[in-house]
1. Being within 15 Å of Leu43 (Cβ to Cβ), touching a strand residue (DSSP E or B) at 6+ places or on another chain (Cβ under 6 Å) and not basic (Lys, Arg) is the requirement here; does Trp185 meet it?
2. Out of the residues in the range 137-146 that are within 17 Å of Glu76 (Cβ to Cβ) and not aromatic (Phe, Trp, Tyr), state the one that is surrounded by the most Cβ atoms within 10 Å (Cβ to Cβ).
3. Report whether or not Trp185 is within 16 Å of the ligand (Cβ to nearest atom), aromatic (Phe, Trp, Tyr) and at pLDDT 95 or above.
4. Taking the stated definitions as given, is Asp197 in contact (Cβ under 8 Å) with a residue 12 or more places away in the chain, under 27 Å from Asp36 (Cα atoms) and of a type in the set (Asp, Glu)?
5. Looking at Gly5 and the list (1) within 15 Å of the chain's Cα centre (by Cα); (2) within 24 Å of Ala190 (Cβ to Cβ), which single condition is not satisfied?
6. Which condition breaks for Phe133 when tested against (1) touching a residue at least 60 places away in the same chain (Cβ under 8 Å); (2) buried (at least 17 other Cβ atoms within 10 Å of the Cβ); (3) closer than 24 Å to Ala48 by Cα?
Amino acid sequence: MNVVGDGLLPPAAYARDDESPDDRFYVAPRRVVHIDDGAISALGRLYAEVLPVGGRLLDLMSSWRSHLPEGLVSREVVGLGLNAEEMADNPRLTSSIVHDVNRDPRLPFGNEEFDGAMCVVSIQYVTHPLLVFREVRRVLRPGAPFVVSFSNRCFPTKAVAVWLGTTDQQHVELVRAYFEPAAGWLDVTAEDRSSGDGGDPLYAVWARASGGRGRAGAILDPSRAGD
Ligand SMILES: C[S@@+](CC[C@H](N)C(=O)[O-])C[C@H]1O[C@@H](n2cnc3c(N)ncnc32)[C@H](O)[C@@H]1O
């Protein structure tokens with residue numbers, strides 16, 4: 001069994017007030033957005049810069065909106081989350097799958113299936129960050145971006161302890177620290193992408209999947225965190 005935190009930080013850093021299975025918490029659809037219009041627009045501008053046009057995208061920890069700008073035409077957008085009804089109502093998703101990444105960090109996709117991946121305002125709920133980042137890298141084609149974004153709010157009972165005990169700036173550093181030891185990522189970039197309108201802040205950390213050594217073989221073995 002994998003120990004929470006994947007050896008990056010002690011397991012206590014990944015304790016949560018509510019340790020019940022995540023699918024219980026998300027059983028009722030919440031058709032809400034978790035960031036305001038200014039932050040959604042800022043995220044759309046970032047996506048227009050970073051995500052490929054015409055690609056197959058993975059919306060990791062998806063719900064009823066993916067925040068992709070209208071002009072960013074995609075071939076397919078696959079949602080992975082815990083509530084099927086929310087994802088069925090998401091106009092950008094072409095398909096969706098219910099899968100708990102904390103129960104099983106392996107992603108139910110083949111190698112190099114996606115041209116880009118996003119995870120919006122949800123990374124604070126992940127208890128196996130290195131394993132999940134390795135899995136995202138595995139399912140991305142070489143050069144494909146993974147964009148992780150977040151604001152300053154969360155469901156506190158489901159967020160990991162290290163998130164609750166740190167500042168926005170430290171969250172940026174924490175997410176950067178997920179990319180680096182997960183290995184196989186290039187050009188890790190972290191920016192405050194807040195719109196400046198006084199509304200919700202928006203922070204993003206993104207990188208591109210590398211090709212080459214260890215990509216497919218290093219999926220679920222935390223002892224290889226330094227590869
Ligand atoms: C705060 S919502 C964010 C939803 C969406 N990304 C957005 O921007 O509105 C958190 C999402 O993470 C998903 N989620 C939470 N825990 C999860 C887990 N263990 N495995 C997979 N998805 C999870 C839930 O289904 C929920 O949709």
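1. On the way: within 15 Å of Leu43 (Cβ to Cβ): no; touching a strand residue (DSSP E or B) at 6+ places or on another chain (Cβ under 6 Å): yes; not basic (Lys, Arg): yes.
So Trp185 fails the test.
2. Step one: list which residues in the range 137-146 are within 17 Å of Glu76 (Cβ to Cβ), which gives 139-141, 144-146.
Filter once more, so that each one left must be not aromatic (Phe, Trp, Tyr): 139-141, 144-145.
Numbers: Val139: 21, Leu140: 26, Arg141: 17, Ala144: 24, Pro145: 24.
Checking each candidate, the answer is Leu140.
3. On the way: within 16 Å of the ligand (Cβ to nearest atom): no; aromatic (Phe, Trp, Tyr): yes; at pLDDT 95 or above: yes.
In short, no.
4. Working: in contact (Cβ under 8 Å) with a residue 12 or more places away in the chain: yes; under 27 Å from Asp36 (Cα atoms): yes; of a type in the set (Asp, Glu): yes.
Yes; evaluated as a whole, the condition is true for this residue.
5. With respect to (1) within 15 Å of the chain's Cα centre (by Cα); (2) within 24 Å of Ala190 (Cβ to Cβ), Gly5 is out only on (1).
6. (1)
The values are calculated or read from the model by the stated rules, or taken from the named source; none is laboratory data. Just so it is clear, the model here is predicted, and its values are computed rather than measured. Every residue, glycine as well, gets a Cβ built from its backbone with ideal geometry; the counts of neighbours run over all protein chains shown.
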